[in-house]
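What follows is a short report on a single structure.
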Amino acid sequence: MNVTDLWQSRMEALQSKASVRILALESSCDETAAAVVENGRTVCSSVIFSQVDVHALYGGVVPEIASRAHVDACDRVIDQALKEAGMTLRDVDALAVTYGPGLVGALLTGVSCMKGLSYATGLPLIPVNHIEGHVSANYISTPELVPPFLCLVVSGGHSHLVRVEDYGRYTLLGQTVDDAAGEAFDKGARALGLAYPGGPLLSRLAEGGDASALKLPRPNPEGRYDFSFSGLKTAFINACHKLEQRGEALPRADFAASFQQAIVSSLCEKALWAVQDTGLHTLCLAGGVSANRLLREQMQAIADREGFRLCLPELWLCTDNAAMIGSAAYYRMRQGTLAPLTLNAVPSLTLL
Ligand code: KG4
Ligand code: ZN
(Lines give C-alpha, C1' and ligand atoms only; values in the text may rest on other atoms or scores of the structure.)
(Ligands and ions follow the chains in the order given, each with its own letter.)
Protein backbone atom coordinates (compact mmCIF):
# COMPACT_ATOMS: atom_id res chain seq x y z
CA MET A 1 0.00 0.00 0.00
CA ASN A 2 1.43 3.43 -0.86
CA VAL A 3 1.61 6.08 1.85
CA THR A 4 -1.35 8.11 0.54
CA ASP A 5 -3.63 5.04 0.68
CA LEU A 6 -2.30 4.22 4.14
CA TRP A 7 -3.16 7.71 5.42
CA GLN A 8 -6.62 7.46 3.86
CA SER A 9 -7.39 4.07 5.39
CA ARG A 10 -6.12 5.15 8.80
CA MET A 11 -8.21 8.29 8.59
CA GLU A 12 -11.32 6.22 7.80
CA ALA A 13 -10.60 3.92 10.74
CA LEU A 14 -10.45 6.93 13.08
CA GLN A 15 -14.04 7.88 12.29
CA SER A 16 -15.37 5.05 14.48
CA LYS A 17 -12.60 5.02 17.09
CA ALA A 18 -13.77 5.93 20.61
CA SER A 19 -10.58 7.66 21.65
CA VAL A 20 -8.50 9.66 19.18
CA ARG A 21 -5.21 11.20 20.24
CA ILE A 22 -3.69 13.89 18.09
CA LEU A 23 -0.11 15.21 18.29
CA ALA A 24 -0.22 18.86 17.16
CA LEU A 25 2.48 21.36 16.26
CA GLU A 26 2.13 25.16 16.14
CA SER A 27 4.85 27.40 14.65
CA SER A 28 3.02 30.27 12.92
CA CYS A 29 4.74 33.17 14.72
CA ASP A 30 7.16 33.27 17.64
CA GLU A 31 6.08 30.28 19.71
CA THR A 32 7.09 26.70 18.93
CA ALA A 33 4.49 24.54 20.62
CA ALA A 34 3.50 20.87 20.67
CA ALA A 35 0.63 19.12 22.42
CA VAL A 36 -1.21 15.83 22.61
CA VAL A 37 -4.99 16.24 22.74
CA GLU A 38 -7.60 13.50 23.14
CA ASN A 39 -10.98 13.74 21.40
CA GLY A 40 -10.57 17.48 20.89
CA ARG A 41 -11.24 18.30 24.53
CA THR A 42 -8.68 16.71 26.85
CA VAL A 43 -5.11 18.03 26.93
CA CYS A 44 -2.72 15.14 27.66
CA SER A 45 0.30 17.46 27.41
CA SER A 46 1.20 20.92 26.16
CA VAL A 47 4.67 22.37 25.67
CA ILE A 48 5.27 25.97 24.60
CA PHE A 49 8.71 27.28 23.74
CA SER A 50 8.57 31.06 23.44
CA GLN A 51 11.13 32.99 21.40
CA VAL A 52 9.97 36.29 22.85
CA ASP A 53 13.30 37.09 24.55
CA VAL A 54 15.17 36.97 21.24
CA HIS A 55 12.65 39.14 19.37
CA ALA A 56 12.35 41.64 22.24
CA LEU A 57 15.91 42.76 21.38
CA TYR A 58 14.57 44.03 18.04
CA GLY A 59 11.23 45.41 19.25
CA GLY A 60 9.17 42.89 17.25
CA VAL A 61 9.25 39.49 15.57
CA VAL A 62 12.10 39.10 13.06
CA PRO A 63 10.77 36.48 10.59
CA GLU A 64 14.13 34.95 9.64
CA ILE A 65 15.17 34.56 13.27
CA ALA A 66 11.76 33.04 14.06
CA SER A 67 12.12 30.42 11.29
CA ARG A 68 15.59 29.39 12.45
CA ALA A 69 14.49 29.16 16.07
CA HIS A 70 11.54 26.95 15.04
CA VAL A 71 13.93 24.61 13.19
CA ASP A 72 15.92 24.26 16.41
CA ALA A 73 12.90 23.78 18.66
CA CYS A 74 10.45 21.60 16.66
CA ASP A 75 11.91 18.18 17.49
CA ARG A 76 12.50 19.15 21.09
CA VAL A 77 8.95 20.31 21.82
CA ILE A 78 7.49 17.24 20.09
CA ASP A 79 9.67 14.89 22.17
CA GLN A 80 8.77 16.76 25.33
CA ALA A 81 5.04 16.76 24.59
CA LEU A 82 5.09 12.98 24.05
CA LYS A 83 7.15 12.48 27.21
CA GLU A 84 4.85 14.64 29.34
CA ALA A 85 1.84 12.71 28.02
CA GLY A 86 3.61 9.44 28.91
CA MET A 87 3.31 8.35 25.28
CA THR A 88 5.36 7.44 22.24
CA LEU A 89 4.40 7.96 18.60
CA ARG A 90 2.76 4.51 18.73
CA ASP A 91 0.12 5.85 21.15
CA VAL A 92 -0.86 8.68 18.77
CA ASP A 93 -3.58 8.29 16.11
CA ALA A 94 -2.95 11.36 13.94
CA LEU A 95 -0.77 14.44 13.53
CA ALA A 96 -1.83 18.08 13.10
CA VAL A 97 -0.04 21.24 12.05
CA THR A 98 -0.84 24.93 11.61
CA TYR A 99 -0.46 25.77 7.89
CA GLY A 100 -1.66 29.41 8.02
CA PRO A 101 -2.11 32.28 8.56
CA GLY A 102 1.26 33.46 9.85
CA LEU A 103 4.86 34.05 8.82
CA VAL A 104 5.70 31.97 5.77
CA GLY A 105 9.09 30.73 6.97
CA ALA A 106 7.79 29.96 10.45
CA LEU A 107 4.80 28.04 9.05
CA LEU A 108 6.97 26.16 6.55
CA THR A 109 9.19 24.89 9.34
CA GLY A 110 6.26 23.28 11.13
CA VAL A 111 4.59 22.02 7.95
CA SER A 112 7.83 20.38 6.73
CA CYS A 113 8.52 18.84 10.11
CA MET A 114 5.04 17.29 10.40
CA LYS A 115 4.93 16.17 6.75
CA GLY A 116 8.20 14.34 7.39
CA LEU A 117 6.87 12.75 10.58
CA SER A 118 3.65 11.76 8.82
CA TYR A 119 5.55 10.16 5.94
CA ALA A 120 7.89 8.30 8.27
CA THR A 121 5.19 6.96 10.62
CA GLY A 122 2.21 6.57 8.28
CA LEU A 123 0.13 8.70 10.68
CA PRO A 124 -2.40 10.89 8.82
CA LEU A 125 -1.70 14.64 8.98
CA ILE A 126 -4.50 17.18 9.53
CA PRO A 127 -3.90 20.77 8.35
CA VAL A 128 -5.23 23.44 10.75
CA ASN A 129 -6.06 27.12 10.35
CA HIS A 130 -4.47 29.08 13.21
CA ILE A 131 -7.55 31.27 13.76
CA GLU A 132 -9.76 28.17 13.93
CA GLY A 133 -7.28 26.95 16.53
CA HIS A 134 -7.89 30.05 18.66
CA VAL A 135 -11.68 29.54 18.43
CA SER A 136 -11.23 25.86 19.38
CA ALA A 137 -9.31 26.73 22.57
CA ASN A 138 -12.83 27.22 23.96
CA TYR A 139 -13.69 23.52 23.40
CA ILE A 140 -10.89 22.71 25.84
CA SER A 141 -11.68 25.31 28.50
CA THR A 142 -15.47 24.79 28.27
CA PRO A 143 -15.86 21.04 27.62
CA GLU A 144 -19.65 21.18 27.23
CA LEU A 145 -19.50 23.95 24.60
CA VAL A 146 -21.10 23.05 21.27
CA PRO A 147 -21.88 25.27 18.26
CA PRO A 148 -23.67 27.49 17.46
CA PHE A 149 -22.07 30.35 19.40
CA LEU A 150 -20.46 33.73 18.81
CA CYS A 151 -16.72 34.19 19.04
CA LEU A 152 -14.62 37.32 19.31
CA VAL A 153 -11.14 36.42 18.05
CA VAL A 154 -8.62 39.08 19.02
CA SER A 155 -4.93 38.37 18.51
CA GLY A 156 -1.76 40.08 17.32
CA GLY A 157 -2.72 39.69 13.66
CA HIS A 158 -6.53 39.31 13.70
CA SER A 159 -9.71 40.85 15.08
CA HIS A 160 -12.77 38.91 13.99
CA LEU A 161 -16.32 38.66 15.26
CA VAL A 162 -17.74 35.39 13.95
CA ARG A 163 -20.78 33.16 14.26
CA VAL A 164 -19.60 29.59 14.72
CA GLU A 165 -22.45 27.77 12.94
CA ASP A 166 -20.96 24.30 13.38
CA TYR A 167 -17.51 22.76 13.83
CA GLY A 168 -15.34 24.37 11.14
CA ARG A 169 -18.23 26.42 9.69
CA TYR A 170 -18.24 30.18 10.25
CA THR A 171 -20.10 33.30 9.24
CA LEU A 172 -18.07 36.47 9.48
CA LEU A 173 -20.00 39.27 11.20
CA GLY A 174 -17.18 41.80 11.37
CA GLN A 175 -13.45 42.32 11.43
CA THR A 176 -10.86 45.04 11.78
CA VAL A 177 -10.62 47.39 8.82
CA ASP A 178 -6.99 48.26 9.70
CA ASP A 179 -4.85 47.21 12.69
CA ALA A 180 -5.62 44.14 14.79
CA ALA A 181 -6.38 44.74 18.47
CA GLY A 182 -3.12 43.09 19.62
CA GLU A 183 -1.13 45.05 17.05
CA ALA A 184 -2.65 48.29 18.41
CA PHE A 185 -1.78 47.24 21.98
CA ASP A 186 1.81 46.50 20.93
CA LYS A 187 2.26 49.78 19.02
CA GLY A 188 0.72 51.84 21.83
CA ALA A 189 3.00 50.05 24.29
CA ARG A 190 6.03 50.92 22.22
CA ALA A 191 5.10 54.63 22.40
CA LEU A 192 5.18 54.23 26.19
CA GLY A 193 8.67 52.72 26.00
CA LEU A 194 7.54 49.19 26.84
CA ALA A 195 9.25 46.08 25.48
CA TYR A 196 7.78 43.66 22.89
CA PRO A 197 5.15 42.21 23.08
CA GLY A 198 3.72 45.23 24.83
CA GLY A 199 0.07 44.17 25.29
CA PRO A 200 0.50 42.42 28.65
CA LEU A 201 2.97 45.07 29.88
CA LEU A 202 0.66 47.93 28.92
CA SER A 203 -2.18 46.17 30.70
CA ARG A 204 -0.10 45.86 33.88
CA LEU A 205 0.99 49.51 33.70
CA ALA A 206 -2.65 50.57 33.26
CA GLU A 207 -3.69 49.03 36.59
CA GLY A 208 -2.81 52.09 38.62
CA GLY A 209 -3.97 54.58 35.97
CA ASP A 210 -6.98 56.81 35.38
CA ALA A 211 -8.77 55.66 32.21
CA SER A 212 -10.51 59.01 31.77
CA ALA A 213 -7.24 61.02 31.72
CA LEU A 214 -6.77 61.07 27.95
CA LYS A 215 -9.65 61.58 25.52
CA LEU A 216 -9.21 59.33 22.50
CA PRO A 217 -11.35 58.93 19.38
CA ARG A 218 -13.79 56.01 19.32
CA PRO A 219 -13.73 55.07 15.66
CA ASN A 220 -16.87 53.65 14.15
CA PRO A 221 -16.28 52.06 10.76
CA GLU A 222 -19.10 51.52 8.30
CA GLY A 223 -19.78 47.83 9.02
CA ARG A 224 -21.87 47.48 12.19
CA TYR A 225 -19.54 44.84 13.66
CA ASP A 226 -16.26 46.06 12.15
CA PHE A 227 -13.40 47.40 14.25
CA SER A 228 -10.86 50.13 13.54
CA PHE A 229 -7.86 50.72 15.78
CA SER A 230 -5.49 52.63 13.53
CA GLY A 231 -6.89 56.15 14.15
CA LEU A 232 -7.04 55.49 17.86
CA LYS A 233 -3.44 54.26 17.85
CA THR A 234 -2.21 57.28 15.87
CA ALA A 235 -4.02 59.73 18.17
CA PHE A 236 -2.42 57.98 21.15
CA ILE A 237 1.10 58.00 19.70
CA ASN A 238 0.71 61.70 18.76
CA ALA A 239 -0.39 62.54 22.31
CA CYS A 240 2.72 60.77 23.67
CA HIS A 241 5.04 62.56 21.21
CA LYS A 242 3.50 65.95 21.95
CA LEU A 243 4.32 65.68 25.65
CA GLU A 244 7.80 64.35 24.89
CA GLN A 245 8.52 67.26 22.55
CA ARG A 246 7.48 69.69 25.28
CA GLY A 247 9.85 67.91 27.64
CA GLU A 248 6.97 66.95 29.93
CA ALA A 249 6.86 63.61 31.75
CA LEU A 250 4.35 61.14 30.34
CA PRO A 251 1.61 60.18 32.80
CA ARG A 252 2.33 56.63 31.67
CA ALA A 253 -0.16 54.74 33.84
CA ASP A 254 -3.01 57.16 32.98
CA PHE A 255 -2.17 57.04 29.27
CA ALA A 256 -1.96 53.22 29.31
CA ALA A 257 -5.31 52.99 31.12
CA SER A 258 -7.01 55.39 28.67
CA PHE A 259 -5.66 53.57 25.63
CA GLN A 260 -6.59 50.14 26.98
CA GLN A 261 -10.10 51.33 27.85
CA ALA A 262 -10.65 52.70 24.34
CA ILE A 263 -9.76 49.35 22.74
CA VAL A 264 -11.73 47.31 25.26
CA SER A 265 -14.85 49.51 24.95
CA SER A 266 -14.88 49.07 21.20
CA LEU A 267 -14.56 45.27 21.48
CA CYS A 268 -17.26 45.03 24.16
CA GLU A 269 -19.69 47.27 22.30
CA LYS A 270 -19.55 45.33 19.02
CA ALA A 271 -19.67 41.95 20.75
CA LEU A 272 -22.77 42.99 22.70
CA TRP A 273 -24.50 44.17 19.52
CA ALA A 274 -23.77 40.78 17.94
CA VAL A 275 -25.33 38.95 20.91
CA GLN A 276 -28.40 41.21 20.83
CA ASP A 277 -28.85 41.03 17.04
CA THR A 278 -28.28 37.30 16.54
CA GLY A 279 -30.11 36.06 19.62
CA LEU A 280 -27.22 33.65 20.29
CA HIS A 281 -26.69 33.44 24.02
CA THR A 282 -23.12 32.19 24.17
CA LEU A 283 -20.14 34.42 23.44
CA CYS A 284 -16.59 33.06 23.49
CA LEU A 285 -13.39 35.05 23.54
CA ALA A 286 -10.24 33.83 21.80
CA GLY A 287 -6.71 34.96 20.88
CA GLY A 288 -3.91 36.68 22.80
CA VAL A 289 -5.86 39.85 23.60
CA SER A 290 -8.56 37.77 25.32
CA ALA A 291 -5.98 37.32 28.10
CA ASN A 292 -6.46 41.03 28.84
CA ARG A 293 -7.83 41.43 32.35
CA LEU A 294 -9.93 44.53 31.69
CA LEU A 295 -11.52 42.96 28.60
CA ARG A 296 -12.39 39.82 30.58
CA GLU A 297 -13.80 41.78 33.52
CA GLN A 298 -15.84 44.25 31.47
CA MET A 299 -17.18 41.60 29.11
CA GLN A 300 -18.15 39.46 32.13
CA ALA A 301 -19.97 42.42 33.70
CA ILE A 302 -21.90 42.95 30.45
CA ALA A 303 -22.73 39.23 30.20
CA ASP A 304 -24.02 39.20 33.80
CA ARG A 305 -26.10 42.32 33.20
CA GLU A 306 -27.53 41.17 29.85
CA GLY A 307 -27.96 37.53 30.82
CA PHE A 308 -25.82 35.72 28.25
CA ARG A 309 -23.09 33.11 28.75
CA LEU A 310 -19.48 34.21 28.38
CA CYS A 311 -16.74 31.61 27.82
CA LEU A 312 -13.25 32.75 28.74
CA PRO A 313 -10.37 30.41 27.91
CA GLU A 314 -7.75 29.97 30.63
CA LEU A 315 -4.94 32.46 30.09
CA TRP A 316 -2.46 29.97 28.57
CA LEU A 317 -5.12 28.92 26.03
CA CYS A 318 -5.63 32.53 24.87
CA THR A 319 -2.10 33.04 23.54
CA ASP A 320 -0.46 30.77 20.97
CA ASN A 321 -0.28 27.09 21.92
CA ALA A 322 -0.57 23.71 20.21
CA ALA A 323 -3.41 22.29 22.33
CA MET A 324 -5.89 24.53 20.48
CA ILE A 325 -4.51 23.17 17.17
CA GLY A 326 -5.03 19.60 18.40
CA SER A 327 -8.62 20.45 19.31
CA ALA A 328 -9.42 22.04 15.94
CA ALA A 329 -7.75 19.08 14.19
CA TYR A 330 -10.06 16.59 15.91
CA TYR A 331 -13.18 18.17 14.39
CA ARG A 332 -11.46 18.49 10.98
CA MET A 333 -10.56 14.80 11.25
CA ARG A 334 -14.24 13.98 11.82
CA GLN A 335 -14.97 15.69 8.50
CA GLY A 336 -12.22 13.66 6.80
CA THR A 337 -9.82 16.56 6.20
CA LEU A 338 -6.43 15.07 5.34
CA ALA A 339 -3.28 16.94 4.29
CA PRO A 340 -1.99 16.00 0.83
CA LEU A 341 1.71 15.37 0.26
CA THR A 342 1.75 18.77 -1.45
CA LEU A 343 0.55 20.64 1.67
CA ASN A 344 2.14 24.09 1.72
CA ALA A 345 2.20 27.03 4.12
CA VAL A 346 -0.50 29.63 3.36
CA PRO A 347 0.56 32.89 5.08
CA SER A 348 -2.67 34.75 4.31
CA LEU A 349 -5.11 31.88 4.93
CA THR A 350 -8.54 33.15 5.99
CA LEU A 351 -11.10 31.54 8.29
CA LEU A 352 -13.93 31.57 5.75
O1 KG4 B 1 -2.87 35.01 19.77
P2 KG4 B 1 -1.50 35.52 19.99
O3 KG4 B 1 -0.66 34.82 21.05
O4 KG4 B 1 -0.67 35.50 18.68
C5 KG4 B 1 -1.23 35.78 17.42
O6 KG4 B 1 -1.86 34.90 16.83
O7 KG4 B 1 -1.09 36.97 17.05
O8 KG4 B 1 -1.66 37.07 20.35
C9 KG4 B 1 -0.57 37.87 20.64
C10 KG4 B 1 -1.08 39.27 20.89
C11 KG4 B 1 0.05 40.29 21.07
O12 KG4 B 1 -0.27 41.42 20.29
C13 KG4 B 1 0.00 40.59 22.55
O14 KG4 B 1 0.44 41.90 22.88
C15 KG4 B 1 -1.48 40.43 22.85
O16 KG4 B 1 -1.86 39.31 22.09
N17 KG4 B 1 -1.71 40.19 24.28
C18 KG4 B 1 -2.34 41.07 25.09
C19 KG4 B 1 -2.33 40.49 26.39
N20 KG4 B 1 -1.72 39.27 26.31
C21 KG4 B 1 -1.34 39.11 25.01
N22 KG4 B 1 -2.88 42.27 24.86
C23 KG4 B 1 -3.43 42.92 25.89
N24 KG4 B 1 -3.46 42.45 27.16
C25 KG4 B 1 -2.93 41.25 27.45
N26 KG4 B 1 -2.97 40.79 28.69
ZN1 ZN C 1 -2.36 33.32 17.57
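The values are calculated or read from the model by the stated rules, or taken from the named source; none is laboratory data. The shown structure was predicted, so the numbers you read here are calculated from the model rather than taken from an experiment. Backbone-built Cβ (ideal geometry, glycine too); neighbour counts: all protein chains shown.
So that you can scan it fast, the table gives a plain yes or no per residue for (1) touching a strand residue (DSSP E or B) at 6+ places or on another chain (Cβ under 6 Å); (2) closer than 30 Å to Leu194 by Cβ; (3) of a type in the set (Gly, Ala, Ser):
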residue	(1), (2), (3)
Arg10	no, no, no
Ala13	no, no, yes
Arg21	yes, no, no
Glu26	yes, yes, no
Thr32	yes, yes, no
Val36	yes, no, no
Leu57	no, yes, no
Ala69	no, yes, yes
If we ask which residues in region 118-139 are within 19 Å of Arg332 (Cα to Cα) and either within 16 Å of ligand 1 (Cβ to nearest atom) or part of a helix (DSSP H, G or I) (or both), their number turns out to be 13
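Looking at Leu57, Leu25, Leu103, Leu108, which is the one that is closer than 24 Å to Gly182 by Cβ, in the same structural domain as Ala328 (by TED's automatic domain parsing) and without any contact (Cβ under 8 Å) to a residue 12 or more places away in the chain?
That would be Leu57, the only listed residue that is closer than 24 Å to Gly182 by Cβ, in the same structural domain as Ala328 (by TED's automatic domain parsing) and without any contact (Cβ under 8 Å) to a residue 12 or more places away in the chain.
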With the first residue restricted to region 192-208 and required to be in contact (Cβ under 8 Å) with a residue 12 or more places away in the chain, and the second required to be within 9 Å of ligand 1 (Cβ to nearest atom) and in a loop (DSSP other than H, G, I, E, B), Cβ contacts under 6 Å at 6 or more apart or on different chains are Ser203/Asn292
- Message: Quick check on Gly168: is it of a type outside the set (S, T, N, Q), surrounded by 14 or more Cβ atoms within 10 Å (Cβ to Cβ) and touching a residue at least 60 places away in the same chain (Cβ under 8 Å)?
- Response: yes
With respect to Ala274, is the statement that it is under 22 Å from the mean Cα position of the chain (by Cα), in a helix (DSSP H, G or I) and either at pLDDT 95 or above or away from ligand 1 (no atom under 16 Å from the Cβ) (or both) true?
-> yes
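Residue by residue, here is whether (1) among the hydroxyl-bearing types (Ser, Thr, Tyr); (2) more than 14 Å from ligand 2 (Cβ to nearest atom) holds:
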{"position": "Val61", "(1), (2)": "no, no"}
{"position": "Lys83", "(1), (2)": "no, yes"}
{"position": "Met87", "(1), (2)": "no, yes"}
{"position": "Gly100", "(1), (2)": "no, no"}
{"position": "Val104", "(1), (2)": "no, yes"}
{"position": "Thr109", "(1), (2)": "yes, yes"}
{"position": "Cys113", "(1), (2)": "no, yes"}
{"position": "Ile140", "(1), (2)": "no, yes"}
The number of residues in region 301-352 that are touching a Leu at 6+ places or on another chain (Cβ under 6 Å) and modelled with pLDDT under 95 is 1
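Residue-wise test of (1) out of contact with any Phe, Trp or Tyr (no Cβ under 9 Å at 6 or more places or on another chain); (2) not polar (S, T, N, Q).
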| site | (1), (2) |
| --- | --- |
| Ser258 | no, no |
| Ala262 | no, yes |
| Glu269 | yes, yes |
| Leu280 | no, yes |
The residue that is nearest to Thr176 (Cα to Cα), considering only those in region 338-352 that are β-branched (Val, Ile, Thr) and either assigned by TED's automatic domain parsing to the domain that holds Gly157 or within 20 Å of the chain's Cα centre (by Cα) (or both), is Thr350
